1. Which residue pairs have Cβ atoms under 7 Å apart, sit 6 or more places apart or on different chains, and have a first residue in the stretch 163-174 that is in the same structural domain as residue 213 (by TED's automatic domain parsing) and a second that is at pLDDT 75 or above and surrounded by 10 or more Cβ atoms within 10 Å (Cβ to Cβ)?
2. Select from the stretch 3-20 the residues that are part of a loop (DSSP other than H, G, I, E, B) and either exposed (fewer than 15 other Cβ atoms within 10 Å of the Cβ) or not assigned by TED's automatic domain parsing to the domain that holds residue 90 (or both) and list them in ascending order.
3. Out of the stretch 179-193, which residues are free of Cβ contacts under 8 Å to residues at least 12 places away in the same chain and in a helix (DSSP H, G or I)?
4. Which residues, counting only those in the stretch 155-180, are closer than 30 Å to residue 202 by Cα, surrounded by fewer than 12 Cβ atoms within 10 Å (Cβ to Cβ) and either within 20 Å of the chain's Cα centre (by Cα) or modelled with pLDDT of 85 or more (or both)?
């Protein structure tokens, strides 16, 4: 739990929200010694007329931290050289984004048509739980990554694919090697860095190589066309 409590001169103790621009600076004074402002509501886009033009005019929290974690030559590299503290900063940024999404779900239940979902009422009627121990119902839609409906929907989709095409015949395990040349070459941009210090770069290189492997199997047809080996199926 990221609790930052300050004592106001007249209003007493107050908890600083993660939406406050000084939240991260107060949480990590070693990373932000000058108290730089962090994310806050209402950060406008400089331009919003490219290929990915959206109706939003303000930056989201995920977009802010994605921009903040990009390594640039003309900017200070303080947070990238902090080792374990940088990893803790990444975890806190992720939890702030997740908490912001949960807050949106909680405040927009009518838009999600939560009254159409069943679950808590059925559990109470079955006698498994008492209404007093369940609290207020907040429905997580299937679009919320990691939620129970998200997992159930993916499971049902996977079973539907297996029923139509059949179960996989080949199981290919694709792992990451932190000593890959692409990772080591990027780490050379800043001295004294190890692959453990840049989990974002390791994950990005892994995703690029995984997409390249899929392109080799499907588009480049290194093992022939898919119709040639039908009904052989792959699973990653």
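The values are calculated or read from the model by the stated rules, or taken from the named source; none is laboratory data. This is a predicted model, so every value here is computed, not measured. A quick note on method: Cβ atoms are made from the backbone with ideal geometry, for glycine too, and the neighbour counts reach across all protein chains shown.
1. Going by the 7 Å Cβ cut-off, the qualifying pairs are 174/210; 174/213.
2. 3, 9, 10, 11, 17
3. Result: 181, 184, 185.
4. 155, 157, 158, 173, 174, 175, 179
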